[in-house]
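The values are calculated or read from the model by the stated rules, or taken from the named source; none is laboratory data. Small disclaimer: the values here were computed from a predicted structure and weren't measured. FYI the Cβ positions are ideal-geometry reconstructions off the backbone, even for glycines, and counts take in every protein chain you see. Remember, those area values only see protein heavy atoms, side chains included, never the ligands or the DNA or RNA. Shrake-Rupley method; radii C 1.70, N 1.55, O 1.52, S 1.80 Å.
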There are 2 protein chains.
Amino acid sequence: MRRSKKERQELLKQTIEENPFVTDEELAQEFSVSVQTIRLDRMELSIPELRERIKYVAEKNMQDEVRSLPIEEVIGDIIDIELDKSAISIFDVKKEHVFKRNGIARGHHLFAQANSLAVAVINDEMALTGKADIRFTQPVKENSRVIAKAKVVRSQKGRTIVDVSSFVGSDLVFRGEFSMFRAPSAEKEEIDETRN
Amino acid sequence: MRRSKKERQELLKQTIEENPFVTDEELAQEFSVSVQTIRLDRMELSIPELRERIKYVAEKNMQDEVRSLPIEEVIGDIIDIELDKSAISIFDVKKEHVFKRNGIARGHHLFAQANSLAVAVINDEMALTGKADIRFTQPVKENSRVIAKAKVVRSQKGRTIVDVSSFVGSDLVFRGEFSMFRAPSAEKEEIDETRN
DNA sequence: TCCGATATTAGGACTAGGTACTAAAAAACA
DNA sequence: TGTTTTTTAGTACCTAGTCCTAATATCGGA
């Protein structure tokens, strides 16, 4: 089926986004146009060639790998941290984080950002969440930037209370009180401690 | 500096492993041999060409992506559901769900399973988590199978309380009380309702 | 020191998946 | 109808290879 140029280019963009591994040849067949047309389309849309796309995906992968090693496994980007005191992270809500039906962020992503920030702020070898009291105060839409602020409230014998408030702009969208277990050094402080 | 064949091939393997993006040309210079020699080496060591290597890395990345942001709307597999009453789901804890340091499942995955089950059990167009009171009662290790059981406790004017308990074997590992907002049909029931 | 084996290099033909460019044909529109 | 836009075709060139043949180099042993 032949489509208009505009329509075709829209679909082309989507198709390549979904599957960056597709060749011009295959796309030409898919859209029943010549390979040259596909190439003109890519030009107009500034979509790089197959190999560059693959390379990009691969490079992203490598970066992710190094990123997940040193900065620890945090959801969202930590932009400020004072160990055992406070921390701030940013999380951009993209299409994969929302419900398809209504475009609202799924709760567990906001929870993940907050929880992971609560873990990160603790200056110990190990930190585990014991309990949490959380509130989703406003729905968060796709393309929002969520800023989570964690504050250590108090700390006593292996237990630390961390308050996390998340905002979109000036709106509070999430609040949580996390009760964290901590284990100072390595081995024998066994995590069975986490029994609450 | 010229090395013996064996030595060179050993280094070659390492070099490519570290940086799969290196070309034969660059390797030839690095080892002061001809491009052909590098190619013979790759043959003998069964190392694929640059593009195949890059493609492999990229593909691995894509796989990871689908894994980390589940396509399906529910985290875990629902094995039983009675709308507005109860539901059960299974979630297998794999290496990507645990902290590298201690092999313990990160809290937000257990939360995600429970929260997502609470959403699923509600028989309405839309369900959003308003607040939640949760407890991680025991650490969950890699390769565990977590069974979450959701039960609708009560329901009144657009608000439904869902209790979720998650088990590994017979051990309770997580408990949460979720207060869910529900909107029967589509548009105008505006989600500002979620102000708590 | 010469011999044969192994290792290395050079070169040509071919490949995929393109870029960059020119030119012609087809379709859309005014 | 003429003009503009869009599409197609074709050429030369590119990278990073494969596959193959043939010519050298290098090395160990008799």
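Quick notes on this one:
- Solvent-accessible surface of the stretch A:5-68, taken per residue with a 1.4 Å probe and all protein chains present: 65 Å².
- The residue among B:MET43, B:LEU27, B:TYR56 whose Cα reaches farthest toward the positive pole of the charge dipole of the stretch B:5-68, with charges on the beta-carbon of Lys, Arg, Asp and Glu, is B:MET43.
- Each residue of the stretch A:151-166 was assigned a 3J(HN,Hα) from its phi angle through the Karplus curve 6.51 cos²θ - 1.76 cosθ + 1.60 (θ = phi - 60°); the sequence is 9, 7, 8, 7, 9, 8, 5, x, 10, 10, 9, 10, 9, 10, 10, 10 Hz, with glycine and proline shown as x.
- Among the residues of B:112-123, the average count of other protein chain beta-carbon atoms within 10 Å of the residue beta-carbon is 2.
- Buried surface between chains A and B: roughly 4400 Å² of accessible area, summed over both sides, computed with a 1.4 Å probe on protein heavy atoms only.
- Residue-averaged beta-carbon neighbours from other chains (10 angstrom radius) around B:132-141: 6
- Peptide B:7-20 has a mean of 0 when you count, residue by residue, the C-beta atoms of other protein chains within 10 Å of its C-beta.
- Dividing the summed helix terms, -39500 (n - 2.57) for each DSSP H run of n ≥ 4, by the number of residues in chain A produces a 222 nm estimate of -11000 deg cm²/dmol to the nearest 500.
- The Cα center of the stretch B:29-54 and the Cα center of the stretch B:84-157 differ in position by 49 Å.
- Residue-level accessible surface for A:LEU83, protein heavy atoms, 1.4 Å, Å²: 90
- Accessible area (Å², 1.4 Å probe, nearest 10) - B:SER46: 100
- Computed extension length for B:VAL153-B:MET62: 28.7 nm, one decimal, from 0.36 nm per residue of separation with the Cα-Cα distance subtracted.
- Inter-copy spacing of A:LEU83 label points, which lie 7 Å from Cα along Cα→Cβ, given in nm from shortest upward: 5.2
- Take A:LEU50: with every protein chain present and a 1.4 Å probe, its accessible area is about 50 Å².
- Taking a ≥ b ≥ c as the square roots of the eigenvalues of the Cα gyration tensor, the protein assembly as shown is oblate, since a/c reaches 1.5 or more and a/b is not larger than b/c.
- Nonpolar atom fraction for the protein assembly as shown, defined as the carbon and sulfur part of the 1.4 Å probe accessible area, stands at 47 percent.
- Per residue value of the accessible surface for the stretch B:77-194 (all protein chains in place, 1.4 Å probe), Å²: 48
- Counting from the shortest, the label point at A:THR15, 7 Å from Cα toward Cβ, is 4.0 nm from the same position in each remaining copy.
- Partners of B:LYS131 within straight-line reach, counting lysines whose Cα lies under 25 Å from its Cα and excluding those fewer than 8 residues away in the same chain: A:LYS94, A:LYS95, A:LYS100, A:LYS131, A:LYS141, A:LYS149, A:LYS151, B:LYS85, B:LYS149, B:LYS151, B:LYS157, B:LYS188.
- Distances in nm from B:ARG154 to the matching label points in the other copies, shortest first (labels 7 Å along Cα to Cβ): 3.1
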